[in-house]
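What follows is a set of notes on a single structure, which appears directly below.
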């Protein structure tokens, strides 16, 4: 997947995300089909990635419950906030469902 010309790895989300040289709707149908097939493979891994992040949040919550160190508590909540925003982004990407388009002649 890392060699697909229309996707680049996103370090924050740990998944490849689309990067198109032109609007998707203007691409050839065969390119659209290849992109959709690649995206479906990526999209199928998003729930597992979300689960990993939720487990990290759980670890931070357990750490918070076992400490009285205010600085550590603040750091853990900051990390939880960052992880939660990643989960929200992944949920948004999970809902992206492209379809092959055809250009209509306007006569």
Have a look at 25, 52, 33 and point out the one that is assigned to a helix (DSSP H, G or I) and either at pLDDT 95 or above or surrounded by 15 or more Cβ atoms within 10 Å (Cβ to Cβ) (or both).
-> 52
Can you name every residue in region 76-93 that is in contact with a helix residue (DSSP H, G or I) (Cβ under 9 Å, 6 or more places away or on another chain) and either surrounded by fewer than 15 Cβ atoms within 10 Å (Cβ to Cβ) or under 16 Å from residue 15 (Cα atoms) (or both)?
-> 77, 83, 84, 86, 87, 90, 91, 93
Please find, among 12, 8, the residue that is in contact (Cβ under 8 Å) with a residue 60 or more places away in the chain, under 25 Å from residue 85 (Cα atoms) and exposed (fewer than 13 other Cβ atoms within 10 Å of the Cβ).
-> 12
Filter pass, residue 98 being part of a loop (DSSP other than H, G, I, E, B) and surrounded by fewer than 16 Cβ atoms within 10 Å (Cβ to Cβ) = yes
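The values are calculated or read from the model by the stated rules, or taken from the named source; none is laboratory data. Predicted model, so just to flag it, every value in this text is computed and none were measured. In this analysis, Cβ positions are derived from the backbone assuming ideal geometry, glycine residues included, and neighbour counts consider all displayed protein chains.
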